[in-house]
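Scroll down for the structure; my scribbles are underneath it.
Read-outs: derived from the displayed coordinates by stated rules, not from any lab. All figures in this text were calculated on a predicted structure; none of them were measured in a lab. Glycine also receives a Cβ, built like all others from the backbone with ideal geometry; neighbour counts cover every protein chain displayed.
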Amino acid sequence: MAADPKTRFLVVDDFSTMRRIVRNLLKELGFTNVDEAEDGAIALQKLQGGGFEFVVTDWNMPNMDGLTLLQTIRATPTLKHLPVLMITAEAKKENIIAAAQAGASGYIVKPFTAGTLSEKLNKIFEKYGQA
Amino acid sequence: MSDFSGMEDLLQDFLQEAHDLLSDVDNKLVDLEKTPDDKGLLNDIFRGFHTVKGGAGFLNATELVTLCHLTENLFDRLRNAELELTAELMDVIMDATKGVREMFGELGQGVQPQPADARVIAALQGALNGELPTASVAPPAVEPPAVQMSPSSSVPEGEPDWASLQEAITGEPVKAAQGELITRAEAEPAKPSAAAAPVVAAGKDAAPSPFGRRASDRPASTASNSRRAEERGRENTIRVDTSRLDQVLNLSGEIGLTKNRLTSLRADILAGKSDSETLHALDQAVSQLDLLVSDLQNSVMKTRMQPIGRLFQKYPRIARDLARQLGKDVELVLAGEETEVDKTMIEDLADPLIHLIRNAVDHGVEMPDERAAAGKPAKSLVRLEARQEGDHIVLIIADDGKGMSAERIRAKAVDKGLISEEEANTLDERQSLNLIFLPGFSTKTQISDVSGRGVGMDVVKTNIQKLNGSVEIRSEPGKGSVFLISLPLTLAILPVLLVLLGDQPFALPLSLVREILPIDQQRVQEVGGKETLVVRGEVLPVISLAKLLGWPADRSPEYGVFMQTAERSFILGVDSFAGRDDAVIKSLEDFRPKGVAGVTTLSNGQIVLILDMKELLADFSQHGDAGMAIRNFEFS
């Protein structure tokens, strides 16, 4: 299925260069409706404001890290349906397990290409499309 | 050729952000030495390296990734209390940080970093393996063995079914023998060559930055013996809080509206309408414009203001390294980091401040045994503080060291032939302390390799004066010294004194003016063929501005301006004054006559030259006497 290019993304990372990279990669894939947040706490605020359809978040951040954000999203009735793609520099087993157990929709390791991102996104869209 | 063509924007963004991050890490490292068990600090530092690593990966800077990865792992072990932070380990970490900074320097020049110093890498790996002599309290090499990856059927009780989780989350079946780096391996093939492509594309697609492209970043080098040359370009972009930009936008909109009002009023007036209502409206519109324009000027100025903390943050590390090198215990305390200063000024302050801090640590602060003997605490405090006082920024560098003795400074200056014994005897405390700003003065007979780098305090003073600022010293023997730097809020506006030669006004920077006095020709004495005037016991040469400019000196100046530059004090002879003004300097970029710093426009539209006294005087003293200057003028 072709994903809706108007899908509203929230990119969460404390490193603005990284937010820009992700934003640019998303743009390359045709997704231009992207907002940014600097950490989990700010992301949560924005998410509670409503309107977001997809969360792409870094793991390691100050204030609230990506895992806690993910757990909070899954524990919040209004947000728990949101697809959450975790981005991290680590591919350690325990990280992947933690992410999966917390209910991550996908997991991607830095650095990645637009192709890799597109694959991950499509898989998630498929999954959510079926549900 | 740049290794980063097509992604310069991305690279510059990365560097700017990563530099800030690393400076922050540097400071946290200094803090960490005091509280080695602070979990929060360890976490922050870990995250710093982690974040840099992540960004570096997208730039294909593999060497930087490797170095950050090792350092990050080290901090992971530290925060999990698997390693103990020893002084030796700290040195390894500091070296690694330095290595990262050097790599930023290389990236800044558009080349992929060379592999880090093999010794640093070896030391990091050694530390991770618990091989530092005094480092490890933990079992060696805790990196979990990547074995039990066998099919999911053999998952032991209680352990999560890792493979199926992996499959669920990545959407791919677990391939055998890929260990714990499964997703990494999946991304791997794209890494060396193909990974460049999307990022390049991303760089190109990126919306052009509203501030244009950075020509160069400025690697904030603290490493003096950097193994690679680092270019010190100036940042020619600036990060501005969007709310400040919004304000500028808002005000320019308002000005547009007022302009429309004026246009319509002009039409009315040209059509012959001149009733009191129209005039009143005109008056109102003009006053409103007045207000809006000055608001706009302020707002625009504010966009150039940056918190001085950005500059301060690299100093604790410098002070710490230096103190360690000298065997001293020094803590640099920062205050007023949020004080905002013009961006250009921040850049130009970097060197003078480093010099003053080095000076305080090297010369000001005593060795621990001396401190003990004097009954002082072993740890000395050097305070670096910024604050705004009215329309000035005041910077303070204070130490609690041994202070300076006016007498010894005088003796030294006489000894070095900088002043005569007679001159020395006339100097008061303040003037004596100021002698250290004379070129060629250094209180230590033996130049240490620390602060004696061929630049002296005279350079500090000259640099501060270039910013239209001043330096003042206060010192109390046994208690310590204080250097007070006073700077104008902005460089865009220069307070000037307007003087007249005949009808022609000239502007002099007010920061150099000490006082104004009438010149009584009867009190002017000729000493060695030069005119001098005695002001409160000080013998000052009288230099006529007309002569300096090479104008025919057909009459004697009536007024004198007592001016003080870093090198000398003198009285500048002028005909009269036209007042003082806040000049908005327009530089003469392509055509810059010697001795002219720029031009400004007076309220009546007249254009006035702003004189560069230093250049004028350099020319003057080079030729020895005024007559020469005139002849030069006549023949050229």
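Using 0.36 nm per residue, how much length does the chain from B:K39 to B:L289 gain when fully extended, once their Cα-Cα distance is taken away? Computed gain between B:K39 and B:L289 is 84.4 nm.
Rounded to 0.05, the FRET efficiency of the B:L418 and B:Q109 pair, given R0 = 25 Å and the Cβ-Cβ distance, is 0.05. When only C-alpha pairs under 8 Å and at least 6 residues apart count, what is the relative contact order of region B:305-370, in percent? This gives 46 percent for region B:305-370. At full extension, B:K466 and B:I238 could sit 79.9 nm farther apart than now, given 0.36 nm per residue minus the alpha carbon distance. With Rh defined as the Kirkwood radius, the inverse of the mean 1/r over Cα pairs, the Rg/Rh of region B:493-635 is 0.95.
Footprinting exposure proxy ranking of A:T32, A:T68, fewest other C-beta atoms within 10 angstrom first, gives A:T32, A:T68.
Across region B:242-303, C-alpha contacts under 8 Å between residues 6 or more apart give a mean separation that, scaled by the residue count, equals a relative contact order of 57 percent.
For chain A, list the DSSP H helices whose alpha carbon atoms reach 20 Å or more along the long axis and whose average Kyte-Doolittle value is -1.0 or above? TM-like helix candidates: A:114-130. Shape analysis of region B:242-303 based on the Cα gyration tensor places the equivalent ellipsoid semi-axes at 29, 10, 7 Å, largest first. In straight-distance terms, cross-link reach from B:K53 covers every one of the lysines whose alpha-carbon lies under 26 Å from its own, apart from those fewer than eight places away in the same chain; here that gives A:K27, A:K92, A:K93, A:K110, A:K120, B:K28, B:K39, B:K98, B:K191, B:K204, B:K314.
Excluding same-chain neighbours fewer than eight residues apart, the aspartates and glutamates reachable from B:K594 by a Cα-Cα span under 17 Å are B:D612, B:E615, B:D619, B:E634.
Across region B:288-442, the mean sequence separation of Cα contacts (distance under 8 Å, 6 or more residues apart), normalised by length, yields a relative contact order of 20 percent. Partners of B:K416 within straight-line reach, counting lysines whose Cα lies under 23 Å from its Cα and excluding those fewer than 8 residues away in the same chain: B:K402, B:K444, B:K461. Based on the alpha-carbon gyration tensor of region A:15-121 and its eigenvalue square roots a ≥ b ≥ c, which shape applies: rounded if a/c is under 1.5, prolate if not and a/b is larger than b/c, or oblate? The shape class here is rounded. Measuring max minus min along each principal axis, the C-alpha atoms of region B:262-413 give extents of 88, 33, 25 Å (largest first).
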